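The values are calculated or read from the model by the stated rules, or taken from the named source; none is laboratory data. Keep in mind it's a predicted model, so treat the numbers as computed, not measured. A quick note on method: Cβ atoms are made from the backbone with ideal geometry, for glycine too, and the neighbour counts reach across all protein chains shown. Just the protein is used for accessible areas: all its heavy atoms, side chains included, with ligands, DNA and RNA removed. Shrake-Rupley method; radii C 1.70, N 1.55, O 1.52, S 1.80 Å.
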Amino acid sequence: MEKKELSEQPINRQTVVQRLRSYRRSPLSLLLLILVSLSALLTLLTLLFLIAYILVKGVPYLTPSLFAWEYNSENVSLMPALINTVVMTGLALVIAGPLGIFAAIYLVEYAKRGNRLVKIVRVTAETLSGIPSIVYGLFGFLLFAVTLGWSYTILGGALTLAIMILPLIMRTTEEALKSVPDSYREGSFGLGAGRLRTVFRIVLPSAVPGILAGIILAVGRIVGETAALMYTAGTVAGIPDSVMNSGRTLAVHMYVLTNEGLYVNQSYATAVVLLVIVVCINALSGFIARKVASKSQ
């Protein structure tokens with residue numbers, strides 16, 4: 001092992017010297033390398049600063065009363081908002097997840113390439129992805145609260161969020177399916193498997209990491225959404241008896257506390273809980289993606 005490591009050292013030095021010489025010959029490449037490195041460093045420092053700022057401001061105010069079952073003006077409990085966030089996220093993903101994944105499967109695996117309908121669907125999905133969330137909130141308010149007469153409800157907010165994240169899930173799933181090599185499909189067809197069996201046994205397991213990445217982005221957008229939910233789900237600080245009642249999520253709860261100006265410290269504590277939830281979701285999805293990828297291999 002020592003001889004192998006010693007033999008690799010001159011090669012590494014030579015590659016470094018060659019790169020330095022190439023950068024001298026082309027100063028633009030060196031400038032681009034410096035800019036890319038500075039951008040990556042600035043992004044990392046910004047992220048670390050935000051995390052440290054939230055933790056320093058919020059951790060001292062994580063008291064047991066903040067996790068009381070019922071909300072009142074004394075404890076300013078975030079537990080009802082936390083439960084509403086879990087319910088809202090689950091409902092939105094149950095509605096938008098299958099629709100987005102199955103739509104992407106049809107566009108990639110079943111629709112003919114160059115089909116005009118496929119192009120229209122893709123352009124529409126990209127357009128919907130760029131619409132501000134407050135527009136979705138106004139649409140959900142007019143459709144669910146006014147036209148259907150639901151007023152402010154958890155179900156109306158979940159349906160609005162499902163419409164909002166549907167293009168994101170569909171586009172990320174579509175790109176994940178496209179990244180699967182065609183040789184996988186050809187090998188499955190050569191062994192006598194049908195298209196449906198090939199999609200669900202060969203293609204989808206290989207595309208799971210990309211699909212989960214899209215779902216993570218969707219969950220992040222759901223958890224951090226405020227404008228769309230204020231117009232559809234409302235801001236009632238309590239656990240609703242059913243999905244047809246009003247309730248606030250953690251993001252809306254944090255916004256209301258900050259807007260009132262009386263519970264700013266508790267809003268920072270809510271931000272800490274929200275940050276921990278997002279980190280746990282990312283870690284869990286990454287673990288699931290690795291497990292599924294190892295089984296498929």
Which numbered condition VAL123 misses (of (1) free of Cβ contacts under 8 Å to residues at least 12 places away in the same chain; (2) surrounded by 13 or more Cβ atoms within 10 Å (Cβ to Cβ)): (2)
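Determine, yes or no, whether SER188 is of a type in the set (Ser, Thr, Tyr) and under 24 Å from ILE288 (Cβ atoms). So that I can check it myself, show each step before the final result.
Numbers: of a type in the set (Ser, Thr, Tyr): yes; under 24 Å from ILE288 (Cβ atoms): yes.
The answer is yes for SER188.
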Suppose we keep only residues that are open to solvent by 60 Å² or more (accessible area, probe 1.4 Å) and either in a helix (DSSP H, G or I) or touching a strand residue (DSSP E or B) at 6+ places or on another chain (Cβ under 8 Å) (or both) within segment 144-169. Which one would you say is nearest to GLY97 (Cα to Cα)? ILE163
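Considering only residues that are touching a residue at least 60 places away in the same chain (Cβ under 8 Å) and hydrophobic (A, V, I, L, M, F, W, C), look in segment 97-120 and name the one that is nearest to LEU212 (Cα to Cα). Explain how you work it out, then say what you get.
First, the residues of segment 97-120 that are touching a residue at least 60 places away in the same chain (Cβ under 8 Å): 97, 99-101, 103-105, 107-110.
From the residues that got through so far, the ones that are hydrophobic (A, V, I, L, M, F, W, C) too are 99, 101, 103-105, 107-108.
On the way: LEU99: 15, ILE101: 11, ALA103: 16, ALA104: 14, ILE105: 15, LEU107: 19, VAL108: 18 Å.
Restricting to residues being touching a residue at least 60 places away in the same chain (Cβ under 8 Å) and hydrophobic (A, V, I, L, M, F, W, C), the top hit is ILE101.
Which residues, taken from segment 158-206, are aliphatic (A, V, I, L, M) and more than 30 Å from ALA227 (Cβ to Cβ)? Spell out how you get there, then give the answer.
Residues of segment 158-206 that are aliphatic (A, V, I, L, M), as a first pass: 158-159, 161-166, 168-170, 176-177, 180, 191, 193, 196, 199, 202-204.
Within segment 158-206, LEU177, VAL180, LEU191, ALA193, LEU196, VAL199, ILE202, VAL203, LEU204 qualify.
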Tell me the residue from VAL264, VAL273, VAL219, VAL278 that is open to solvent by less than 60 Å² (accessible area, probe 1.4 Å), over 20 Å from ILE165 (Cβ atoms) and touching a residue at least 24 places away in the same chain (Cβ under 8 Å), please. VAL273
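Taking ILE131, is it out of contact with any strand residue (DSSP E or B) (no Cβ under 8 Å at 6 or more places or on another chain) and outside any helix (DSSP H, G or I)? I'd like the intermediate steps shown before the answer.
Numbers: out of contact with any strand residue (DSSP E or B) (no Cβ under 8 Å at 6 or more places or on another chain): yes; outside any helix (DSSP H, G or I): yes.
Yes: the conditions hold for ILE131.
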Considering ALA207, ALA269, which residue is in a helix (DSSP H, G or I), within 19 Å of the chain's Cα centre (by Cα) and small (Gly, Ala, Ser)? ALA207
Out of the residues in segment 198-211 meeting the condition of being β-branched (Val, Ile, Thr) and closer than 17 Å to MET170 by Cα, tell me which one is most open to solvent (accessible area, probe 1.4 Å). VAL208
Collect the residues in segment 184-200 that are touching a residue at least 12 places away in the same chain (Cβ under 8 Å) and closer than 13 Å to ILE105 by Cβ, keeping them in residue-number order. ARG185, ARG195, THR198, VAL199
Selection count, segment 94-120, where residues are open to solvent by 50 Å² or more (accessible area, probe 1.4 Å) and either part of a loop (DSSP other than H, G, I, E, B) or not β-branched (Val, Ile, Thr) (or both): 12
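GLY214: out of contact with any His (no Cβ under 9 Å at 6 or more places or on another chain), open to solvent by less than 60 Å² (accessible area, probe 1.4 Å), farther than 25 Å from ALA289 by Cβ and assigned to a helix (DSSP H, G or I), yes or no?
Working: out of contact with any His (no Cβ under 9 Å at 6 or more places or on another chain): yes; open to solvent by less than 60 Å² (accessible area, probe 1.4 Å): yes; farther than 25 Å from ALA289 by Cβ: no; assigned to a helix (DSSP H, G or I): yes.
Here the answer is no, as GLY214 does not meet what is asked.
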If the Cβ limit is 7 Å and pairs must be 6+ apart or interchain, which residue in segment 170-183 that is on the phi > 0 side of the Ramachandran plot and outside any helix (DSSP H, G or I) pairs with which residue that is at pLDDT 90 or above and among the aromatic types (Phe, Trp, Tyr)? none
Filtering segment 126-166 down to residues that are without any contact (Cβ under 8 Å) to a residue 60 or more places away in the chain and either over 27 Å from VAL223 (Cβ atoms) or touching a helix residue (DSSP H, G or I) at 6+ places or on another chain (Cβ under 6 Å) (or both) yields LEU128, SER129, THR147, GLY149
Checking ASN75 against (1) in a helix (DSSP H, G or I); (2) at pLDDT below 90: exactly one of these is not met. Which one? (1)
Mind telling me which of the residues LEU91, LEU45, LEU55, LEU31 ends up being outside any loop (DSSP other than H, G, I, E, B), loosely packed, with under 14 Cβ neighbours inside 10 Å, modelled with pLDDT of 90 or more and among the aliphatic types (A, V, I, L, M)? LEU45
Where residues in segment 234-256 are in a helix (DSSP H, G or I) and in contact with a Leu (Cβ under 9 Å, 6 or more places away or on another chain), which of them is surrounded by the most Cβ atoms within 10 Å (Cβ to Cβ)? HIS253
